[in-house]
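Below you'll find the structure, written out as structure tokens, and then a few comments.
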Amino acid sequence: MAHSTFTVGDYLAERLVQIGIRHHFVVPGDYNLILLDKLGGKLDLFGKPALIEVGCANELNCSMAAEGYARANGAAACVVTYSVGALSAFNGTGSAYAENLPLILISGSPNTNDAGQFHLLHHTLGTSDFTYQLEMAKKITCCAVAVDRASDAPRLIDRAIRTALLSKKPAYIEIPTNLAGAPCMRPGPISAVIDPAPTNPAVLAATIGEAASYLHGKLKPAILVGPKLRRAGPEAEEALLKLAEAMGCTVAVQPAAKGMFPEEHPQYTGVFWGQVSTLAADSIINWADAILCVGTVFTDYSTVGWTAMPSVPLMVAEIDHVTFPGSTFGRVRLCDFLTGLAKLVDRNDATMVEYHRLRPDPVLIHVAEESDALSRKEIQRQVQPLLAADTTLFVETGDSWFNGIQMKLPKGADFEIEMMWGHIGWSIPASFGYALSKPDRRIITMVGDGSFQVTAQEVSQMVRWRLPIIMFLINNKGYTIEVEIHDGLYNRIKNWDYAALVQAFNSTDGNAASCRVETGGELAKAIEMAKEHKGGPTLIECVIHQDDCSRELITWGHYVAAANARPPVQK
Ligand code: DPX
Ligand code: MG
């Protein structure tokens, strides 16, 4: 390519490819069309598209698909048009912020001449101010830039991408319609963008020393793992395993960190969230006198309405800093800290010894008769054997959270949940985006009827891309989680014929399978069918009684409702 033909769009495409992005999620609009030509036109060494364009049904789904792709791939790009597109895509961007994922939101924008000429433009608020989208984006990203001349593009694009990758948060890049094809300088080496900020050796030594003082004299240490561990990379997960084995203590995980410590490991003691903990994780965490928190996030949900905040002073190791009672240390990468600490800690298995006495006996699982009306427990029992080393289980906000959290993950199986942002409908586009990045994994999505109605269109992309995602749609005819928090008529929804809807997505060229099951026997047959089905997704609509929900959901709902209802504190 001659020097003069290299453009702003080419620059962005090159950087996206260099950071490992292979698919970009898009909805076209006249402000981004030239940019889409540039991104889609970038070829690899074999003349194939280096960035595969993935069209979505709407921008909400597009941003959520990119969010799911970032979970699998480490980074993602979502490309939308001005305002009508971007404001919808802000939702998935907010999710990426809350869930610590580097999603690059890219929006086309008006021609650079229009602002100065006080023109009124389509897709805007009908004023001549075109800065509002950038200002809004600043609130929900770690770095928001608007390119207003081509010569600034390299610096601004690199800044946004680097900040996103370093802080594991979304970034925003706005490119005017008349600049996407404007000539631009070529980029230098990608290391300028992706080189991590290294740990400061002096700080590392001091942090490890402080951790040793924190543990000194403590008799009952335990480890609690939170969802930010995964965002620190696979090497951090590996380092945590080594530290846990060096310490010999119990390891519990927060609900959003399920799967981040191997569940078959002898030191695994379940999911800690107070009254609704699994495997009695709460008994041991509440007994511990020192808790090494790794990537933890304490929210009203994960602490069950603030009833399960650990009461001992905590040591909290984050992606790039560590906090102790009374001190904090920056510029320490989690992996370096965990590896350094593992070399120094003394073994103390007191919590393991106690846990052996506390560990609940395996529950007796009731097998329903084939003709019995389908129940939540029977669905759980039948889905469990589907989970294998190559499975990733997506669980949607709703009772699916609780059902999924109680499942046992075999070695290698992964778990995805969006507990901080908690947007109903996330699991459909997110599992679609994830599947594009990891086609070799078997993806199982558990989703409620209310959630499915929010983003159902994206099943049509699973059909289009022939992805064999298996969806268990739990039809309890309404917003049951909300019923347990606070009931009203607003929690009832219009029933759909979900299986028929999926057939409509097939049209003449799709190969999705779908069915509706109302008994245990029907579910067993449907699962056999889903296992064999290739060349498209399978949706199994599982009809259960409206009041059939987990004991954990009801308990958790009571506490969250109480937290929501706290009267204002008089100032
Ligand atoms: C809402 C929630 O059917 O699941 O198991 O029946 O609860 P369950 P469904 O998918 O219903 C979900 C529903 C309405 N939450 O119970 S969790 C409030 C809410 C949200 N996200 C958005 N809007 C509203 N979480 C985008
Ligand atoms: Mg429901």
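The values are calculated or read from the model by the stated rules, or taken from the named source; none is laboratory data. Worth saying up front: this structure is predicted, and the values here are computed from it rather than measured. Backbone-built Cβ (ideal geometry, glycine too); neighbour counts: all protein chains shown.
Considering only segment 448-490, state which residues are assigned to a loop (DSSP other than H, G, I, E, B), away from ligand 1 (no atom under 14 Å from the Cβ) and touching a Lys or Arg at 6+ places or on another chain (Cβ under 9 Å).
Across segment 448-490, the qualifying residues are 466, 468, 469.
Let's see how each residue does on (1) under 21 Å from residue 523 (Cα atoms); (2) not assigned by the TED database to the domain that holds residue 531:
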residue	(1), (2)
366	yes, yes
369	yes, yes
383	yes, no
388	yes, no
393	yes, no
399	yes, no
412	no, no
422	no, no
State whether one or more residues within segment 420-430 are free of Cβ contacts under 8 Å to residues at least 24 places away in the same chain, within 8 Å of ligand 1 (Cβ to nearest atom) and surrounded by fewer than 21 Cβ atoms within 10 Å (Cβ to Cβ). no
Per the filter on segment 373-427, residues within 22 Å of residue 265 (Cβ to Cβ), in a loop (DSSP other than H, G, I, E, B) and out of contact with any helix residue (DSSP H, G or I) (no Cβ under 8 Å at 6 or more places or on another chain) are 387, 388, 389, 390, 409, 410, 411, 412, 413
Of (1) surrounded by 13 or more Cβ atoms within 10 Å (Cβ to Cβ); (2) more than 30 Å from residue 541 (Cα to Cα); (3) modelled with pLDDT of 95 or more, residue 376 fails just (2)
Checked segment 479-501 for anything within 13 Å of ligand 2 (Cβ to nearest atom) and in contact with a strand residue (DSSP E or B) (Cβ under 9 Å, 6 or more places away or on another chain); matches are 479, 480, 481, 495, 496, 498
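When segment 102-127 is examined, which residues are found to be of a type in the set (Val, Ile, Thr) and surrounded by 12 or more Cβ atoms within 10 Å (Cβ to Cβ)?
From segment 102-127, those of a type in the set (Val, Ile, Thr) are 104, 106, 112, 124, 127; that's our starting set.
Hits for segment 102-127 are 104, 106, 112, 124.
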Of the residues in segment 483-511, those that are touching a residue at least 40 places away in the same chain (Cβ under 8 Å) and over 18 Å from residue 453 (Cα atoms) come to 484, 485, 486, 510, 511
Sole miss for residue 98 among (1) surrounded by fewer than 22 Cβ atoms within 10 Å (Cβ to Cβ); (2) at pLDDT 95 or above; (3) closer than 28 Å to residue 188 by Cα is condition (3)
For segment 131-141, the count of residues that are farther than 22 Å from residue 9 by Cα and touching a helix residue (DSSP H, G or I) at 6+ places or on another chain (Cβ under 8 Å) equals 2
Restricting segment 467-478 to residues that are in contact with a helix residue (DSSP H, G or I) (Cβ under 6 Å, 6 or more places away or on another chain) and more than 15 Å from ligand 2 (Cβ to nearest atom), the one farthest from residue 397 (Cα to Cα) turns out to be 467
Across (1) under 28 Å from residue 548 (Cα atoms); (2) crowded, with 24+ Cβ neighbours inside 10 Å; (3) away from ligand 2 (no atom under 14 Å from the Cβ); (4) more than 17 Å from the chain's Cα centre (by Cα), residue 455 clears everything bar (4)
For segment 27-48 the number of residues that are touching a helix residue (DSSP H, G or I) at 6+ places or on another chain (Cβ under 6 Å) and either outside the structural domain of residue 85 (by the TED database) or outside any loop (DSSP other than H, G, I, E, B) (or both) is 3
Counting only residues that are touching a residue at least 40 places away in the same chain (Cβ under 8 Å) and touching an Asp or Glu at 6+ places or on another chain (Cβ under 7 Å), segment 134-147 contains a total of 2
| message | Against the condition buried (at least 24 other Cβ atoms within 10 Å of the Cβ) and out of contact with any Cys (no Cβ under 6 Å at 6 or more places or on another chain), how does residue 482 come out, does it pass? | response | no
